[in-house]
Amino acid sequence: MGKTAPLPQRDRMMVPHFTEQGDYKMEPATIGLDLAKHVFHVHVSDSAGNTLQSKKLSRKDVLPFFGVLSPCLVGIEACASGHCWARKIRKLGHDVRLIPPSYVKIP
């Protein structure tokens, strides 16, 4: 089996959302989700590649975390449990991409 082509780059516009106080917050464009047995790592970045948030989530906190976010691109390493998590996150309206382990890059 040969190598597959890299995934196409997606340019997503960051739309500012104004809060009641008049200031605004930026919405995430891309999220990387590292799956594990008990603790998952989430890396959130904007369209320029700047890190907005990087945190650990327990298994029970993953779906509530994605449930409050506006739809964005989510990258998950393709593995046995990755397909199950991808289906659950897609139901929340996100664009989920399963990527081969050779394309996973640690920031």
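We did not get these values from a lab; they are worked out from the coordinates using the rules stated. This is a predicted model, so every value here is computed, not measured. Quick reminder, even Gly has a Cβ in these numbers, built from the backbone with ideal geometry, and neighbours come from all protein chains shown.
Let me know the shape class of the stretch 27-107, please: from the alpha-carbon gyration tensor, a ≥ b ≥ c as square roots of the eigenvalues, rounded when a/c is under 1.5, otherwise prolate if a/b is greater than b/c, or oblate.
Rounded.
Near the amide H of ALA78, under 5 Å away, which other amide H atoms are found, from residues 5 or more places off or on another chain, if H is placed in the peptide plane?
Amide H neighbours of ALA78, under 5 Å, 5+ apart: ILE99.
If you add up the charges near HIS43, with Lys and Arg at +1 and Asp and Glu at -1, over every other residue whose beta carbon is less than 9 angstrom from its beta carbon, what do you get?
Local charge sum for HIS43: 0.
Going by amide H atoms built from the backbone, whose H comes under 5 Å of the H on ALA29, apart from near neighbours?
SER45, ASP46, SER47
Per residue of the stretch 61-69, in order, report the coupling 6.51 cos²θ - 1.76 cosθ + 1.60 (Karplus, θ = phi - 60°) as ³J(HN,Hα) in whole Hz, putting x for Gly and Pro.
Each residue of the stretch 61-69 in turn: 9, 5, 5, x, 4, 6, x, 8, 7 Hz.
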